[in-house]
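The values are calculated or read from the model by the stated rules, or taken from the named source; none is laboratory data. Just so you know, these numbers come straight off a predicted model, no measurement behind them. Please note: Cβ atoms are built from the backbone with ideal geometry, for glycine as well, and neighbour counts cover all protein chains shown. Quick note on the areas: whole protein, heavy atoms, side chains included, nothing else; ligands and nucleic acids left out. Shrake-Rupley method; radii C 1.70, N 1.55, O 1.52, S 1.80 Å.
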Amino acid sequence: MTTLESRAQTLRSTLQDYNYHYYVMDDPNVPDAEYDRLFRELKSLEEANPELVTSDSPTQRVGDKPLDEFSQVTHKVPMLSLDNVFNHDELLAFDKRIKARLERNEEIEYVCEPKLDGLAVSLLYENGLFVQAATRGDGQTGEDITHNIRTIESIPLRLLGEGFPAVLEVRGEVVMPRAGFAAMNAKAEAAGEKTFVNPRNAAAGSLRQLDSRITASRPLDMYCYSVGFVEGGELPSTHFDILKQLNVWGLKLNPEVRLNVGADACSSYHDDILAKREALDYDIDGIVYKVNDLKLQRMLGFVARAPRWAIAHKFPAQEELTTLLDIEFQVGRTGAITPVARLEPVFVGGVTVSNATLHNMDEVRRMDIRIGDTVVIYRAGDVIPKVVKVLFDRRPADAVAVEMLTHCPVCNSAVTQVEGEVVARCSGGLYCHAQVKEAIKHFASRKAMDVDGLGDKLVEQLVDQGLINTVADLYCLPVDEVAGMERMGEKSAQNLVKALNVSKQTTLKRFLFGLGIREVGEATALNLANFFGNLDAVMAADLELLQQVPDVGPIVAVHIVEFFQQSHNVEVVESLIAAGVCWEEVDVDHDQVKPLEGKTYVLTGTLTMMARDQAKEYLQKLGAKVSGSVSKKTHCVIAGENAGSKLTKAESLGVDVITEQEYVDLLSHYGIEVEI
């Protein structure tokens with residue numbers, strides 16, 4: 001056997017295996033791009049060496065054999081596939097071949113439509129009545145899916161109007177809309193059932209159910225795109241007019257179908273649909289161009305497996321094969337540790353991709369991804385590239401498994417993971433350079449240290465220019481260096497340093513909140529301050545003691561303990577105190593009964609006697625929980641001016657409502673005087 005014969009045989013065998021998984025099992029084992037690449041290689045090989053063509057070559061047939069469970073239907077007119085083009089130059093070459101074969105120079109009229117990614121089917125109508133449906137199968141013989149097609153509401157069981165042929169075969173694509181696919185998979189996942197990989201597989205699997213009740217429960221739709229066998233009547237003389245006539249008879253057409261003149265107009269249509277691809281509610285993988293005039297179609301004829309008068313213009317592949325070279329770990333701005341795949345560069349989704357997200361280590365373990373594996377990469381539109389599948393049959397013997405890091409790759413702080421959570425995090429929140437910008441922005445925010453004039457962009461400038469590396473560095477900023485920054489000056493720099501000095505005098509609650517400890521919000525920070533009274537006590541508290549603080553559960557307690565166990569974080573806290581950040585200690589009396597303990601209050605409308613934050617803090621000091629919404633569990637609503645829907649809901653539920661003045665009087669009753 002020659003080298004060429006051996007290669008052709010290998011390609012045939014491989015493509016037949018791919019066909020089986022795609023058409024019969026509804027479980028593609030490689031991306032379409034890989035199939036297309038091998039198919040084109042085999043086709044080119046056979047064209048250059050006709051003696052290599054065999055009757056069972058995938059180039060001589062469409063799809064694969066029908067499933068055994070269904071009876072078979074022989075297509076009176078074969079359901080052929082289409083040849084492909086992949087770029088503008090190949091489209092121009094197709095148009096040039098058309099003109100050459102027709103011996104004409106004038107521009108050709110083409111019907112352009114999205115190439116739907118579903119399952120091709122044939123519908124047979126006799127005297128306007130639906131009698132049979134079949135899949136494409138191998139192009140000659142398909143599967144009888146009549147009982148399942150009847151369940152799709154967009155397919156008429158009787159044609160509308162009149163004038164249709166006695167026998168009319170309509171062809172189209174059954175698809176599953178993306179919204180329906182997502183809802184169906186979510187329901188299956190919640191029930192612990194198998195989910196589908198994509199809408200195309202879901203549509204194909206739904207039509208191949210022996211129990212049509214299952215098909216009826218699936219969100220399927222169909223778009224018609226051509227006719228096959230016709231007897232006892234005539235149709236219009238152009239493809240576009242036939243489509244319009246099918247629509248009049250009650251058959252659904254894709255709303256994006258257009259009639260264009262010339263290859264350049266077709267190319268523009270391609271670009272327009274590609275741009276809106278992600279906004280469509282169904283999957284497409286390219287554009288189909290068909291010569292509009294049926295007379296010209298007949299003159300052009302067919303090749304072995306495809307019409308000469310039509311072509312599919314494939315979009316850039318959204319899935320591709322490549323090799324996983326390494327798995328590295330990135331630290332996000334909130335400390336999340338994310339595994340990232342480093343890939344052999346591959347062109348997919350219109351760009352060259354060398355990195356892809358792996359989400360988290362649970363996903364890495366679930367997929368059993370190893371360094372050295374051949375993997376399938378998916379990218380669509382602006383979607384971040386991701387690894388969706390591992391080809392285990394291509395795994396090399398030296399493939400390396402990867403484990404989660406124990407220490408942050410940026411700052412060497414311990415990596416922690418709360419039981420039940422999938423995300424691991426760096427615990428060096430105040431020190432880790434990957435998190436420093438977000439840590440400083442939060443520390444300086446209004447509800448934390450409230451540093452006037454220190455906005456997000458200025459924080460990024462200060463960090464990028466190396467003037468600050470931790471929040472403590474804020475209080476050592478030299479005026480002259482700040483003044484030399486872009487869009488700053490002497491006056492602005494002085495104002496910033498002045499605002500920083502003012503912020504040094506704060507409260508324990510604000511300071512604790514400003515540290516950015518995970519899940520320690522304003523209310524929890526206030527509860528910690530009121531319970532412990534000073535920072536040293538908070539830092540020294542163990543898990544058991546922390547859980548005695550109102551609203552501090554076991555998970556929050558773990559976050560607090562782990563934060564102060566990191567020496568880097570403690571060093572930053574000590575540096576802040578050394579720089580002059582201070583507060584009055586809180587009087588602690590654990591035996592004191594808080595008058596509003598266990599009660600839930602809601603603030604609504606505009607307050608004129610105090611700021612909303614201040615009103616909230618007073619309530620929390622008295623032991624109340626402050627909620628953002630009204631429910632049956634709400635004890636009281638404080639209504640300021642122009643109170644809206646929350647007041648209305650409170651009144652409808654019979655919840656107590658007081659005015660702002662009544663709230664001030666309540667505070668006075670408990671010894672809190674509000675300066676108005």
If we ask which residues in segment 237-248 are touching a residue at least 40 places away in the same chain (Cβ under 8 Å) and either among the charged types (D, E, K, R) or assigned to a loop (DSSP other than H, G, I, E, B) (or both), their number turns out to be 1
Residue hits (segment 217-235; assigned to a loop (DSSP other than H, G, I, E, B) and either touching a residue at least 40 places away in the same chain (Cβ under 8 Å) or of a type in the set (D, E) (or both)) are R218, P219, L220, G232, G233, E234, L235
All-but-one check, E41 against (1) charged (D, E, K, R); (2) modelled with pLDDT of 90 or more; (3) open to solvent by less than 20 Å² (accessible area, probe 1.4 Å), failing number (3)
Residue hits (segment 249-279; at negative phi, open to solvent by less than 20 Å² (accessible area, probe 1.4 Å) and assigned to a loop (DSSP other than H, G, I, E, B)) are W249, L251, N254
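L259: over 25 Å from E47 (Cα atoms) and modelled with pLDDT of 95 or more, yes or no?
yes
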Within segment 470-479, the count of residues that are open to solvent by 50 Å² or more (accessible area, probe 1.4 Å) and either among the aromatic types (F, W, Y) or modelled with pLDDT under 90 (or both) comes to 0
Does N105 qualify as being among the polar types (S, T, N, Q) and over 39 Å from the mean Cα position of the chain (by Cα)?
yes
Counting only residues that are polar (S, T, N, Q) and buried (at least 21 other Cβ atoms within 10 Å of the Cβ), segment 280-308 contains a total of 1
*Residue in segment 337-358 that is on the phi > 0 side of the Ramachandran plot and modelled with pLDDT under 95 present*: yes
Exercise for the section: Would you check if there is a residue in segment 608-623 being of a type in the set (S, T, N, Q), out of contact with any His (no Cβ under 9 Å at 6 or more places or on another chain) and not in a helix (DSSP H, G or I)? Expected result: yes
Output for Cβ contacts, cut-off 6 Å, separation at least six or different chains, first residue under 17 Å from L430 (Cα atoms) in segment 544-561, second surrounded by fewer than 16 Cβ atoms within 10 Å (Cβ to Cβ) and of a type in the set (D, E), reads H559/E519
Scanning segment 484-498 for residues that are among the hydrophobic types (A, V, I, L, M, F, W, C) and within 42 Å of the chain's Cα centre (by Cα), the one surrounded by the most Cβ atoms within 10 Å (Cβ to Cβ) turns out to be L496
For D241, the lone unmet condition from (1) buried (at least 17 other Cβ atoms within 10 Å of the Cβ); (2) touching a Leu at 6+ places or on another chain (Cβ under 9 Å) is (1)
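Here is a yes/no grid of residues against (1) open to solvent by 50 Å² or more (accessible area, probe 1.4 Å); (2) of a type in the set (D, E):
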site: A523; (1), (2): no, no
site: L545; (1), (2): yes, no
site: V558; (1), (2): no, no
site: V561; (1), (2): no, no
site: E585; (1), (2): yes, yes
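Report yes if K76 is at pLDDT below 95, more than 16 Å from C224 (Cβ to Cβ) and open to solvent by 50 Å² or more (accessible area, probe 1.4 Å), otherwise no.
It is true that K76 is at pLDDT below 95, more than 16 Å from C224 (Cβ to Cβ) and open to solvent by 50 Å² or more (accessible area, probe 1.4 Å).
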Of the residues in segment 273-290, those that are out of contact with any strand residue (DSSP E or B) (no Cβ under 9 Å at 6 or more places or on another chain) and free of Cβ contacts under 8 Å to residues at least 60 places away in the same chain come to A275, K276, A279
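Quick one: which residue in A133, A183 is without any contact (Cβ under 8 Å) to a residue 40 or more places away in the chain and open to solvent by 40 Å² or more (accessible area, probe 1.4 Å)?
A183
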Going residue by residue through segment 338-361, is there one that turns out to be in a strand (DSSP E or B), basic (K, R) and either in contact with a Lys or Arg (Cβ under 7 Å, 6 or more places away or on another chain) or farther than 30 Å from Q60 by Cβ (or both)? yes
E173 vs (1) surrounded by fewer than 14 Cβ atoms within 10 Å (Cβ to Cβ); (2) under 28 Å from S81 (Cβ atoms); (3) in contact with a Gly (Cβ under 7 Å, 6 or more places away or on another chain): all pass except (1)
Among I214, I152, the single one that is more than 28 Å from D56 (Cα to Cα), within 31 Å of the chain's Cα centre (by Cα) and buried (at least 18 other Cβ atoms within 10 Å of the Cβ) is I152
Filter segment 633-665 for residues that are in a loop (DSSP other than H, G, I, E, B) and closer than 24 Å to P595 by Cα; the one that is most open to solvent (accessible area, probe 1.4 Å) is K633
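Can you pull out the residues in segment 97-112 that are touching a residue at least 40 places away in the same chain (Cβ under 8 Å) and open to solvent by 10 Å² or more (accessible area, probe 1.4 Å)?
R97, R101, L102, E107, E109
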### Message
Criterion first (of a type outside the set (A, V, I, L, M), in contact with a helix residue (DSSP H, G or I) (Cβ under 9 Å, 6 or more places away or on another chain) and either assigned to a strand (DSSP E or B) or over 14 Å from E256 (Cβ atoms) (or both)) does D285 satisfy it?
### Response
yes
Counted residues in segment 326-360 being farther than 15 Å from P385 by Cα and either surrounded by fewer than 20 Cβ atoms within 10 Å (Cβ to Cβ) or out of contact with any strand residue (DSSP E or B) (no Cβ under 8 Å at 6 or more places or on another chain) (or both) come to 8
Every listed condition ((1) among the small types (G, A, S); (2) more than 30 Å from D241 (Cα to Cα); (3) open to solvent by less than 20 Å² (accessible area, probe 1.4 Å)) holds for A204 save (2)
Out of (1) open to solvent by less than 20 Å² (accessible area, probe 1.4 Å); (2) more than 20 Å from N254 (Cα to Cα), the one I311 does not meet is (2)
Reported set for segment 459-481 where residues are free of Cβ contacts under 8 Å to residues at least 12 places away in the same chain and more than 17 Å from A499 (Cα to Cα) is D464, G466
Here the residues within segment 363-413 that are open to solvent by 30 Å² or more (accessible area, probe 1.4 Å), in a strand (DSSP E or B) and either of a type in the set (S, T, Y) or in contact (Cβ under 8 Å) with a residue 40 or more places away in the chain (or both) are I371, Y378, V388
Apart from one, (1) open to solvent by 40 Å² or more (accessible area, probe 1.4 Å); (2) farther than 25 Å from V586 by Cα all hold for R510; the odd one out is (2)
